[in-house]
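The values are calculated or read from the model by the stated rules, or taken from the named source; none is laboratory data. None of the values given here were measured: they were computed from a predicted structure. Here the Cβ positions follow ideal geometry from the backbone for every residue, glycine too, while neighbour counts run over all protein chains shown. The protein model used for the area step is the full one, side chains on, heavy atoms only, and it has no ligands, DNA or RNA in it. Shrake-Rupley method; radii C 1.70, N 1.55, O 1.52, S 1.80 Å.
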Amino acid sequence: MSIASTPGWRKLREHRKSLGTTHLRELFDRERARGPAMTVEYDGVVVDYAKNLVTAETMDLLLALAADRDLAAGIEAMLSGYPINTTERRPALHTALRAPRDVSVLVDGRDVVPDVHAVLDRMREFAGSVRSGAWRGCTGKPIRTVVNIGIGGSDLGPAMAALALRECTPADLDVRFVSNVDGHAIKRTLRGLDPERTLFVVASKTFTTVETLTNARTARAWLSATLDDPHAVARHFVAVSTNAREVAEFGIDPANMFEFWDWVGGRYSLPSAIGLSLMIAIGPERFGELLVGARSMDEHFRSAPFSRNLPVLLGVLGVWYRGFFDAQTHAVLPYDERLGRLPAYLQQLDMESNGKSVTREGASPDVDTAPIVWGEPGTNGQHAFFQLLHQGTTIVPCDFIGVLEPAHSDLEHHDLLMANLFAQTEALAFGRFQDEVIAEGVPESQARHRTFTGNRPSTTILLPRLTPYTLGQLIALYEHKVFTQGWLWGINSFDQWGVELGKALANRIHDEIRADSADLGDHDSSTRALLQRYRQVRTIRNG
Ligand SMILES: O=P(O)(O)OC[C@H]1O[C@H](O)[C@H](O)[C@@H](O)[C@@H]1O
């Protein structure tokens, strides 16, 4: 049944009406212990959702909706390997990537956990040998730079995590990421590198992604231009993929390929071999800690009652705002420079998973699905777009993410950072009303401009420290939040057909650009004129 026609949704609609414009000031006045009552802690991760536009009744209704939508069965189906990715007839088993050795997870009657650990063992051995210098380039020198070539899920996860955990990377090891097909990207990445000491990790689930293969070919040509050695590619290129045939076709020895499986979605693949560059950067042991952290959140998701289940709570709050407040976007604001790429990572996770207009049954959903996810680290965002968060005409639910203890010892910086985080959530929630502004001595002519309506929702997520373990928890927290929402909306969160059309058209246009004489008559007048303009410049440049 579509979600909007369920009794649970109808009750929420009534409840939303009765809530009207009730202000967070009032809710906090009414419930003296609202803060602690609406804070849930699990294994060191604190989620305070008190500054959301909800009452205890709202939460009860949202959680009842989750129960009615059989979320518990959905969670079980995902974790036990049921093929919930129906359009691709596959399970979505990223959770098996962090299962301990003694657990079994069956896919088509076969336990996949031994395969997972066999690859992890190979990764550990390889990453260890690169880090220790035992793995040599073809001229006998140890590797000092690792370049991960991949895009989307084969880039964002490891790049986000490598930045987050950079303190764990030895100073003499440089791990870089290149994704864009824009030639400036690979040029800048390779600038100043010593081919004799550089290792390329070509990461692609399909090994057919044009951007990645183009960058990999350019890197191979760059390497071969200096290292005239038949063993150069074997010593300087490894692959991470599900596609051994294409890897061999590219010229990478399958012995240097690290495998994963089609039941791992690209945007969920960081804990798989896609994490190889990260493992080299932070070391096998720390990579293992990330898996254990993610595992801890998996277990929590599976077993905690919904009212104390962090991913479920975050998930239903998002459903509430999309369904009943017309909130088009959701901001992720990590108050931690190290989490600078988290918003980009979560954009793919959330928008590629749930940005859909078709239900699992092939119908149109009758409610809005994924929000537009965006964000920047604090405090930078405050000096850029927070104006709109505080006084704009649109409601933007925000996640503020803070880390209690920094990895440096400069408390002055950290106190300021955290003060800003807390202040922003307070300002958004409670605002400053016009009479208060006037009472402060602001001239009446300016009072409206300097008024803050407040009642702008936010959730605060606190981690004790940013470590591989807590980063693993945070990743799994958001993965399961996204799952919760997709399940409630009734969509398949694990396919991504929406990226295909643009790819197909780009292939066709690419051919037309290369064949100068190609007839552009099939294109619309806008595209045709743009292509002609580009072809002219291209022809002049090529002489
Ligand atoms: O890992 P690859 O096969 O190279 O895919 C890289 C990315 O490209 C695709 O277009 C998908 O939209 C992403 O989900 C995927 O992560």
Margin query: Tell me the residue from Asp410, Asp435 that is closer than 29 Å to Tyr469 by Cα, over 27 Å from the mean Cα position of the chain (by Cα), open to solvent by 40 Å² or more (accessible area, probe 1.4 Å) and free of Cβ contacts under 8 Å to residues at least 24 places away in the same chain, please.
Written below: Asp410
Check: In segment 492-529, which residues are open to solvent by less than 60 Å² (accessible area, probe 1.4 Å) and more than 16 Å from the ligand (Cβ to nearest atom)?
Finding: Ile509, Glu512, Ile513, Ala515, Ala518, Leu520, Gly521, His523, Thr527, Ala529
Note to self: Among the listed residues Gly318, Gly323, identify the single one that is surrounded by 21 or more Cβ atoms within 10 Å (Cβ to Cβ), small (Gly, Ala, Ser) and touching a Leu at 6+ places or on another chain (Cβ under 9 Å).
What the structure shows: Gly323
Notebook entry, point to check: Name the residues in segment 530-539 that are open to solvent by less than 50 Å² (accessible area, probe 1.4 Å) and under 35 Å from the mean Cα position of the chain (by Cα), would you?
Noted result: Leu531
Note to self: Looking only at residues that are in a helix (DSSP H, G or I) and farther than 20 Å from Trp135 by Cα in segment 242-258, which one is most open to solvent (accessible area, probe 1.4 Å)?
What the structure shows: Arg245
Item checked: Failed item in (1) outside any helix (DSSP H, G or I); (2) in contact with a Lys or Arg (Cβ under 6 Å, 6 or more places away or on another chain); (3) of a type in the set (S, T, N, Q), with Asn148 passing the rest -> (2)
Next item on the list: Give just the number: which of (1) closer than 19 Å to Pro397 by Cβ; (2) in contact with a Phe, Trp or Tyr (Cβ under 8 Å, 6 or more places away or on another chain); (3) of a type in the set (Gly, Ala, Ser); (4) surrounded by fewer than 16 Cβ atoms within 10 Å (Cβ to Cβ) does Ala67 not satisfy?
Entry: (1)
Checklist line | Subset of segment 1-18 [part of a helix (DSSP H, G or I) and among the β-branched types (Val, Ile, Thr)] | finding: Ile3
Margin query: Suppose the filter is farther than 25 Å from His330 by Cβ and out of contact with any Phe, Trp or Tyr (no Cβ under 7 Å at 6 or more places or on another chain); does Gly498 pass it?
Written below: no
Next item on the list: Name the single residue, out of those in segment 119-161 being closer than 22 Å to Glu352 by Cα and of a type in the set (A, V, I, L, M, F, W, C), that is farthest from the ligand (Cβ to nearest atom).
Entry: Ala161
Check: So which of Asp111, Asp155 ends up being modelled with pLDDT of 95 or more, of a type in the set (Asp, Glu) and in contact with a strand residue (DSSP E or B) (Cβ under 7 Å, 6 or more places away or on another chain)?
Finding: Asp155
Notebook entry, point to check: Out of Gln532, Gln485, Gln473, which single residue is more than 16 Å from the ligand (Cβ to nearest atom) and over 30 Å from Arg89 (Cα atoms)?
Noted result: Gln532
Margin query: With the structure loaded, tell me whether Gly472 is outside any helix (DSSP H, G or I) and either buried (at least 16 other Cβ atoms within 10 Å of the Cβ) or free of Cβ contacts under 8 Å to residues at least 12 places away in the same chain (or both) or whether it fails that test.
Written below: no
Next item on the list: Collect the residues in segment 121-138 that are open to solvent by 20 Å² or more (accessible area, probe 1.4 Å) and within 17 Å of Ala219 (Cβ to Cβ), keeping them in residue-number order.
Entry: Cys138
Notebook entry, point to check: Of Gly381, Gly355, which residue is away from the ligand (no atom under 16 Å from the Cβ) and small (Gly, Ala, Ser)?
Noted result: Gly381
Next item on the list: For Val292, state whether it is within 16 Å of the ligand (Cβ to nearest atom) and either touching a Cys at 6+ places or on another chain (Cβ under 8 Å) or of a type in the set (A, V, I, L, M) (or both).
Entry: no
Margin query: For the condition small (Gly, Ala, Ser) and either within 28 Å of Asp298 (Cα to Cα) or modelled with pLDDT under 95 (or both), what is the one hit in Gly490, Gly381?
Written below: Gly490
Check: Residues that are away from the ligand (no atom under 16 Å from the Cβ) and closer than 13 Å to Ile143 by Cβ: which helices (runs of 4 or more DSSP H) entirely in segment 173-241 hold 1 or more of them?
Finding: 210-226, 232-236
Item checked: Filter pass, Leu466 being in contact (Cβ under 8 Å) with a residue 40 or more places away in the chain, touching a helix residue (DSSP H, G or I) at 6+ places or on another chain (Cβ under 7 Å), open to solvent by less than 70 Å² (accessible area, probe 1.4 Å) and not small (Gly, Ala, Ser) -> yes
Next item on the list: Considering only segment 264-290, state which residues are within 17 Å of Pro114 (Cα to Cα) and buried (at least 24 other Cβ atoms within 10 Å of the Cβ).
Entry: Val264, Pro271, Ser272, Ala273
Notebook entry, point to check: Looking only at helices (runs of 4 or more DSSP H) that fall completely inside segment 259-366, which ones have 1 or more residues that are of a type in the set (S, T, N, Q) and under 20 Å from the mean Cα position of the chain (by Cα)?
Noted result: 276-282, 284-303, 342-347
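Per-residue answers, yes or no, for (1) under 26 Å from Ile401 (Cα atoms); (2) open to solvent by 50 Å² or more (accessible area, probe 1.4 Å):
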residue: Arg13; (1), (2): no, yes
residue: Gly20; (1), (2): no, no
residue: Gly35; (1), (2): yes, no
residue: Asp48; (1), (2): yes, no
residue: Ala72; (1), (2): no, yes
residue: Leu79; (1), (2): no, no
Next item on the list: Write out, first by first residue and then by second, each pair whose Cβ atoms fall under 7 Å of each other, whose residues are 6+ apart or on separate chains, and whose first residue, in segment 362-378, is crowded, with 20+ Cβ neighbours inside 10 Å while the second is basic (Lys, Arg).
Entry: Thr369/Lys356; Pro371/Arg322
